[in-house]
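Have a look at the structure below, then the notes.
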Amino acid sequence: PLNRLIVVERDRTLGIKHDNSSFVAKINTQTLFEMNQQIALCTIADVSEQEQKENELRQMAFYDALTGLPNRILLMERLQQELLRGKRESKFLVVMFADLDGFKSVNDNLGHAAGDILLQHVGRLFQQCWRRVCVHPGRLARPGGGQANR
């Protein structure tokens, strides 16, 4: 039976192998007619590798490589959504920007590796504080990044 070969879990279809391990599955169905009989043809393809690559591309496109926080692109997208929601629900939106004073001197005097470590540490601290006080933990971002902002 088909329900022993596939299972739907968290909006994903998983295929089940003989050893009970699972893989991300794409299912194609076709209805064939042969001599007045209707036959259902079902193919199950393993698309785990494709999904992994898509996740990696999404991570690179929308998250800061150094801190793992959402980047400027994702921040702007989320801000637009929040502004629309605030307008719909007649609520205010508060945006806070933080800057590290003297960060340039850390890079200049201690090197970019030290600056990267500082940014990662500060990012983790913000995430820890944010989780404790905010109802929307996904709203933290690092809009800067890259060589130009070091």
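Quick one: residue 60 ticks every box in (1) outside any strand (DSSP E or B); (2) open to solvent by less than 60 Å² (accessible area, probe 1.4 Å); (3) among the hydrophobic types (A, V, I, L, M, F, W, C) bar one, so which box is it?
(2) is the only condition that residue 60 fails.
Pairs needed: first member in the range 46-64, within 21 Å of residue 7 (Cα to Cα); second member anywhere, among the hydrophobic types (A, V, I, L, M, F, W, C) and open to solvent by 60 Å² or more (accessible area, probe 1.4 Å); C-beta distance under 7 Å; at least 6 residues apart or different chains.
Between residues of the range 46-64 that are within 21 Å of residue 7 (Cα to Cα) and residues that are among the hydrophobic types (A, V, I, L, M, F, W, C) and open to solvent by 60 Å² or more (accessible area, probe 1.4 Å), there is no close pair.
For residues in the range 38-83 being of a type outside the set (A, V, I, L, M, F, W, C) and under 21 Å from residue 16 (Cβ atoms), which is modelled with the lowest pLDDT?
Looking at residues that are of a type outside the set (A, V, I, L, M, F, W, C) and under 21 Å from residue 16 (Cβ atoms), I get 43.
Please verify whether residue 98 is open to solvent by 50 Å² or more (accessible area, probe 1.4 Å), touching a residue at least 40 places away in the same chain (Cβ under 8 Å) and part of a loop (DSSP other than H, G, I, E, B), treating the condition exactly as stated.
On the way: open to solvent by 50 Å² or more (accessible area, probe 1.4 Å): yes; touching a residue at least 40 places away in the same chain (Cβ under 8 Å): no; part of a loop (DSSP other than H, G, I, E, B): yes.
Here the answer is no, as residue 98 does not meet what is asked.
Cβ-Cβ below 7 Å, separation at least six or inter-chain, first residue in the range 67-79 and touching a residue at least 24 places away in the same chain (Cβ under 8 Å) and open to solvent by 50 Å² or more (accessible area, probe 1.4 Å), second in a helix (DSSP H, G or I) and not aromatic (Phe, Trp, Tyr): which pairs?
Partner pairs satisfying both residue conditions: 78/139.
Any chance you could count how many residues in the range 3-35 are among the small types (Gly, Ala, Ser) and open to solvent by 50 Å² or more (accessible area, probe 1.4 Å)? Let's see the steps before the verdict.
So the first thing to find is which residues in the range 3-35 are among the small types (Gly, Ala, Ser), and the list is 15, 21-22, 25.
Add one more test, that the residue is open to solvent by 50 Å² or more (accessible area, probe 1.4 Å), and what stays is 22.
Within the range 3-35, residues that are among the small types (Gly, Ala, Ser) and open to solvent by 50 Å² or more (accessible area, probe 1.4 Å) number 1.
Of the residues 91, 87, which is assigned to a loop (DSSP other than H, G, I, E, B), open to solvent by 80 Å² or more (accessible area, probe 1.4 Å), modelled with pLDDT of 85 or more and over 23 Å from residue 57 (Cα atoms)?
91
The values are calculated or read from the model by the stated rules, or taken from the named source; none is laboratory data. Everything quoted here is computed from the prediction, not taken from an experiment. Neighbour counts run over all protein chains shown; Cβ positions are idealised from the backbone, glycine included. Just the protein is used for accessible areas: all its heavy atoms, side chains included, with ligands, DNA and RNA removed. Shrake-Rupley method; radii C 1.70, N 1.55, O 1.52, S 1.80 Å.
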